[in-house]
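To start, the structure under review is shown below, and the notes come after it.
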Amino acid sequence: MRKQNFRGRQQREPQVRINQRIRVPEVRLLDYNGAELGVVKTSDALKRAGEYGIDLVEVSPTAKPPVCRIMDYGKYKYEQEKRKKEQKKHQVQIKLKEVKFHVNVGDHDYETKMRNLKKFIEHGDRVKLSLMFRGRENAHRELGFEVIKRVIADADPYTSVDQMPRLQGRFVSAILVPKKTKI
């Protein structure tokens, strides 16, 4: 499986060497039960793995001598993929939702946006509050800050401020996160 790095180029995952791809003269051999058989020649280790009818897999290539184990490589790969899927299943992805306001927001519109904000927070997402100034609203930026501060005050019981309100061009933005509940 190939991964992509940050520039879109594909990267290879480190390859595990098995059977004839192991090119060192001696290896530390582990049996399929995990018992150590000592340092043996690679050819002898390959013969022993052939007797069992399974693969010789290089477990630790950086060790001196490299550690190899006699195991079923297909089953090993399957179990690793299964473990990765299980880890992904238990990951929690936190999204950043945005709620947009204007300086002259009406009461009903404000309540609707606050209801959405509460729903996002209860779901466990971070919420970005953004307020855009249009035209002559730029002359009264303090009104925009008042709206954002009002939202923060109303959402205080269930949120905490991650990023304080700040002006970025024509926008005022702040980020709210769910409060940690005490267990």
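The values are calculated or read from the model by the stated rules, or taken from the named source; none is laboratory data. The model shown is predicted, which means the values in this text are computed figures rather than measured ones. Quick reminder, even Gly has a Cβ in these numbers, built from the backbone with ideal geometry, and neighbours come from all protein chains shown. Side chains are part of the model used for accessible areas, which takes the heavy atoms of the whole protein and leaves out ligands, DNA and RNA. Shrake-Rupley method; radii C 1.70, N 1.55, O 1.52, S 1.80 Å.
Looking at the chain, send over the antiparallel percent of its DSSP beta bridges, to the nearest 5. It would help to have the intermediate numbers written out before the result.
Numbers: 27 of 36 bridges.
The antiparallel proportion sits near 75 percent.
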Pick out, from S60, V39, V24, the residue whose Cα sits farthest towards the positive end of the charge dipole of the chain, with +1 on the Cβ of Lys and Arg and -1 on the Cβ of Asp and Glu.
V24
For the chain, what's the relative contact order in percent, using C-alpha pairs closer than 8 Å and at least 6 residues apart?
14
Charge dipole magnitude, Cβ of K and R +1, D and E -1 - the chain, Cα centre, debye nearest 20
500
Read-out Cα extents along the principal axes in Å, candidates (i) 87, 34, 33; (ii) 83, 39, 24; (iii) 43, 39, 33; calculated match is (ii)
How much accessible area per residue does region 30-183 have, counting only protein heavy atoms and a probe of 1.4 Å, in square angstrom?
69
When the charge dipole of region 35-162 is computed with +1 at the Cβ of Lys and Arg and -1 at the Cβ of Asp and Glu, the Cα pointing farthest to the positive end, of Q87, H123, T112, is that of Q87
For Y32, which sequence-distant residues (separation of 5 or more, or a different chain) have an amide H within less than 5 Å of its own amide H, given hydrogens modelled in the peptide plane?
I70
Find me the longest stretch of the chain that has none of the exposed chymotrypsin sites (Phe, Trp or Tyr not before Pro), where exposed means in a DSSP loop (not H, G, I, E or B) with at most 15 other Cβ atoms within 10 Å.
33-157
